[in-house]
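Read through the structure below, which is laid out as C-alpha cells, and then see the notes.
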Amino acid sequence: MISAVGAVAGEVLTRHLLSEVKISGWTRTNYSGQPVSLTGGVEAVAGLVFGNLLHARCAGTDAAGRARAMAAVVASLSAAAAGYVDDHLEDRFPARGKGYAGHLGALREGRLTSGVVKIGAVGAGSLVAGMLGRKRPAESLVDAALIALSANVANLLDLRPGRARKFLMAASLAPALAGSHTARICGAVATTGLREDLQGKKMLGDLGANALGAQLGVVLTELGLPVKLGLLALLAGLNAASEKVSFSAIIESTPGLRELDALGRS
C-alpha cells in the first residue's frame, strides 16, 4: 500500500511544482476545440516512477518484486519518451502517418515518421522490461508484447476526457485487490488525475497514456502464461481493430458503455 501512497504523492508533488513554473508548448486543442494542458502526462509519469522506486526500496519487497518494479520503471519511462516524441516532435519528421499501417508504410518508402520512432522506443523498452523478469526467453517475449500492446491501447483510448484513466482504473482493480503492488500504483496514478482530466483541464497525451499503459502491461506479466496468451490475443486484436474502426464511434453507439464513458465529464 505504501507504494500506491508514494505514487499519489509523487504525482501531486509534480503537479504543484508544475503549477509554479511557466512552460510553453504543452497546450493542445481537444476534441471539442478547447485548450487542454498535456502536463497531466508528466504528473502521471512522476507518480509511476516514484511509486515503483519506493516499492523496489521497501524492506519487505522480495527479489521478484524489485525486478518487477524496475521493469515498470523501464517500461513506463521508455514509453513516456516515445510519447514525448509524438506529442512534441512530430512536425520535425519528414513524413507523417496514421496507425501502424501508415507509419510502417512510410518507412517502407524510406520516410521516417514520429510513429516509427515511437514503435521502436516502446518496443525496445518493453523488451528490456520483459527480460528483467528472468523468465524463459519465449515468455519474456510474451511479456514484452503485452507491455507494448497495452501501452498503445491506453494511448488509443486517450481521445476523450477521462476515458483512458477510467480504463486503467478498471483494468488494474482486480489485480490490485489480489495484492499486486504494480497494479495498485497504476490504479492510484490513474485515479489521482481523473478529476482534472474529466474537467478537460489536463490530458495524459501520448507521453502519459503510453506510460500508464506500459505500467498496466507490467501488471499483466504477473499472470499465468495461459492467461497472458489470451490477453495477448485480445490486445493484439484491439490494436489491429484500431486500424479499421473508431473506438470512439463504438463506445458512443453502445448503450451503457456510452454512459459510463461520459460519467463525470464536464
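Observations
- As a proxy for reagent exposure, Met1, Met70, Met203 were ordered by neighbouring Cβ count within 10 angstrom, fewest first; the result is Met1, Met70, Met203.
- Mean separation of Cα contacts under 8 Å, 6 or more apart, over the residue count of the range 121-239: relative contact order %: 35
- Shape call, the chain: gyration tensor on alpha carbons, a/c limit 1.5: rounded
- Sites Leu141 and Leu223 - FRET efficiency at Förster radius 22 Å, r taken between beta-carbons, to 0.05: 0.90
- Here the spin labels are modelled as points 7 Å beyond Cα on the Cα-Cβ line, and at Ala233 and Thr27 they lie 4.9 nm apart.
- With R₀ set to 25 Å, the beta-carbon distance separating Asp91 from Ala170 gives a calculated FRET efficiency near 0.15.
- Gain upon complete extension [Arg258, Asp62; 0.36 nm per residue less C-alpha separation]: 66.4 nm
- The alpha-carbon of Lys202 sits under 16 angstrom from the alpha-carbons of these lysines, leaving out residues fewer than 8 places away in its chain: Lys22, Lys166.
- Amide N of the range 172-202 lying under 16 Å from the label point, which is placed 7 angstrom from the Cα of Ser266 along Cα→Cβ: 193-202
- Sorting the segments 21-28, 184-191 by their residues' average number of neighbouring beta-carbon atoms within 10 angstrom, most packed first, yields 184-191, 21-28.
- Length-normalised contact order of the chain in % [C-alpha pairs under 8 Å, at least 6 apart]: 25
- Cleavage-rule hits, trypsin sites (Lys or Arg not before Pro), the range 213-262, DSSP coil, Cβ neighbours within 10 Å at most 14: Lys244
- Helix screen, the chain: DSSP H segments with Cα axial length of 18 Å or more and mean Kyte-Doolittle hydropathy at least 1.0 are 2-19, 114-131, 137-157, 205-220, 225-241.
Coordinate-derived values only; no laboratory data. Keep in mind the model is a prediction, meaning the values are calculated, not measured. Cβ atoms come from the backbone with ideal geometry, glycine included; neighbour counts cover every protein chain shown.
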